[in-house]
Amino acid sequence: MSVRNPKLDHPLTRLAALAFRKYAPELHRYIERRMRRPGVAPDLTQDIFERFLQIEDADVVRNPQAYLYGIASHVVREAMFREDRSLVTYDSEAVEEAGGRLDHALPDDMAERLALQQDLKRALAELPAMHRTVLLLIKRDGLSYEEAARRTHLNVNTVTTYVFEARARVKMILKDRQE
Amino acid sequence: MKLQGQIDRLLAQRASEWHQILENATDSQRAEFVAWLKQSPLHVQEYLETVYTDQVLKHIDAERLEDIETLIAQVAPSVVPLGKESLTPGSLPKGEGRNRRRWTVGFGLAAGLALCFSLLPFAFKHFEAAPEYATALGEQRTIQLADSSIVTLNADSRIQLRLNETHRDIELLRGEALFKVAHDPSRPFTVQTKTAIVQAVGTQFNVYERPNGTRVSVLEGRVKVTPLGRSSAGAGATRVAPVTESLSAGQEAQVGADGTFRRNPKADVMKTVAWRERRLIFDDAPLEDMVYEFNRYSQSTRLTLDGVPAGSHHYNGIFDAADPDSLAALLAKEPDLTVERRNGEIVIRKR
């Protein structure tokens, strides 16, 4: 028997989660374009921010990520729809992918995908050894924080610290590629 | 441009930390996260990019070129075993050398060969090197001891460990370290500097050794501080009898080079340990202290004061520790100071 989480059962939360699921691929594509080709992607941050401000804290605190992603997905989707209409280049694949996996993150274009793999390789090489080790154990090898802590003889808190530091560094390196 | 880069780095770090916290967040943490998002569109953007990066990271080293066992072997020296054969605290004479390998040479021939042979294994076992850990300028390092205590070394710092079944003794030879002590009442955890001995059982505290004394800040639990009352200040110097003082969470004290113990009632210990995030937080700090702090972090740029009287300038502010230029930019606006940049050095002079 499944147990429902009352925090996730609020109508607004469900709505946000629905928007997230529906438009997640577009949102990922937008963020990817903005990070790697900031001049190409329109800046929708202010619009996302203003809509996020309008929601009551009591609602959004139930599941902030779902709300933010829901709103961001909607804003991006609307912008892309406007863009598509103006350019008359509606992407039918995007519609097909709209209900797809949430972890869609790699770019669609093969050249871009390879470029990203190269960037990840370079980013990994730039990380200090401990950060690199922990990141590989968790992200590549799929270990839990506890398992990674046992392998490296660190405690779990230290492992989580290395992971968030490594992720921040990788993000910076991916963005720096454009500068 | 450079300043912007530093801000971006701190923001990226914060967003990534939030992503981590939200995996198991409490209601109050989620509320705090929402408040953070609502502070600025930049925070929203950073967080969205962080989530994207996290997804992308699932594809890292997809070709599996990195050998994880080699990497683990590389980082393993950071893990310090708590061996039964370790040194007994206080069993060794104090030395000046950094690498204190004290192979005993004190066995006289008169003691006879038989005695030498019988003592030799004991001597080697007992006088093996106490491990030392150090960081260079700008470097920070975290070391976990086998008892699960964690030592985080700030830049330009050095510690020596003496661990055994009854004691956990650490000497802070230079710089600053944060100690998160695993609870074990049977083995007191002691940190010694030139001017003080700090003892804890299960707690978290920061110790900063400077030429003018030792600052002790307690984040969790309670520590006992015993000033050592050095008498090296000359024939007329007053020797202060050691009196053990107690510090609890949120409290901070300074032990002077002469052994004086002074509590700092205005201390904010979370600001004291902002160095973990490479932030320097100053509250009405004298300029000479700020320069000293910045110089611990930067290998490429040194700040120098030339003719600026001590105590003449005080500032509040939060800085990126790796960015001495930001302090120079601030000082350049002072009507009575000049800032000159030359190869690897920023010289601040009295106008």
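The values are calculated or read from the model by the stated rules, or taken from the named source; none is laboratory data. Every value quoted in this text rests on a predicted model; they were computed, and no experiment measured them. Here the Cβ is made from the backbone with ideal geometry for all residues, glycine too, and neighbour counts use every protein chain on show.
Numbers below:
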| read-out | value |
| --- | --- |
| So A:Tyr69, is it within 24 Å of A:Leu116 (Cα to Cα) and at pLDDT 80 or above | yes |
| Test result for A:Ile48, at pLDDT 75 or above, assigned to a helix (DSSP H, G or I), touching a Leu at 6+ places or on another chain (Cβ under 7 Å) and surrounded by 20 or more Cβ atoms within 10 Å (Cβ to Cβ) | no |
| Cβ-Cβ under 6 Å pairs, at least 6 apart or on other chains, the stretch B:322-347 side farther than 17 Å from B:Phe294 by Cα, far side surrounded by 19 or more Cβ atoms within 10 Å (Cβ to Cβ) | B:Leu337/B:Leu331; B:Leu337/B:Ile348 |
| Test set (1) over 19 Å from the mean Cα position of the chain (by Cα); (2) assigned to a strand (DSSP E or B); (3) surrounded by 13 or more Cβ atoms within 10 Å (Cβ to Cβ) - B:Ala253 fails condition number | (1) |
| Flag if A:Glu93 is exposed (fewer than 14 other Cβ atoms within 10 Å of the Cβ), modelled with pLDDT of 70 or more and over 19 Å from the mean Cα position of the chain (by Cα) | no |
| Hey, B:Thr272 assigned to a strand (DSSP E or B), among the polar types (S, T, N, Q) and in contact (Cβ under 8 Å) with a residue 12 or more places away in the chain or not | no |
| The lone exception for A:Asn155 - which of (1) facing chain B (nearest Cβ under 9 Å); (2) closer than 16 Å to B:Thr50 by Cα; (3) of a type outside the set (Gly, Ala, Ser) it fails | (2) |
| Flag if A:Glu26 is part of a helix (DSSP H, G or I), under 28 Å from B:Glu23 (Cβ atoms), touching a Pro at 6+ places or on another chain (Cβ under 7 Å) and at pLDDT 70 or above | no |
| Subset tally (residues that are more than 21 Å from B:Leu57 (Cβ to Cβ) and under 29 Å from the mean Cα position of the chain (by Cα)) for the stretch B:19-42 | 3 |
| Scope the stretch B:161-174; condition in contact with a Leu (Cβ under 7 Å, 6 or more places away or on another chain) and within 13 Å of B:Lys194 (Cα to Cα); matching residues | B:Ile170 |
| Residue list for the stretch B:20-46, filter: within 7 Å of another protein chain (Cβ to nearest Cβ), surrounded by 16 or more Cβ atoms within 10 Å (Cβ to Cβ) and either touching a residue at least 12 places away in the same chain (Cβ under 8 Å) or assigned to a helix (DSSP H, G or I) (or both) | B:Gln20, B:Leu22, B:Arg30, B:Ala31, B:Phe33, B:Val34, B:Leu37, B:Pro41, B:Val44, B:Gln45 |
| Residue in the stretch B:273-280 that is under 20 Å from B:Ser157 (Cβ atoms), crowded, with 19+ Cβ neighbours inside 10 Å and more than 17 Å from the chain's Cα centre (by Cα) present | no |
| Index of the failed condition, B:Gly97 passing every other in (1) buried (at least 17 other Cβ atoms within 10 Å of the Cβ); (2) under 30 Å from A:His153 (Cβ atoms); (3) modelled with pLDDT under 85 | (1) |
| Counted residues, the stretch B:310-325 - those being part of a loop (DSSP other than H, G, I, E, B) and not small (Gly, Ala, Ser) | 2 |
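Let's see how each residue does on (1) closer than 30 Å to B:Lys350 by Cα; (2) not assigned by TED's automatic domain parsing to the domain that holds B:Arg141:
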site	(1), (2)
B:Leu247	no, no
B:Ala257	yes, no
B:Asp283	yes, yes
B:Asp289	yes, yes
B:Tyr292	yes, yes
B:Ser312	yes, yes
B:Phe319	yes, yes
B:Asp325	yes, yes
B:Leu331	yes, yes
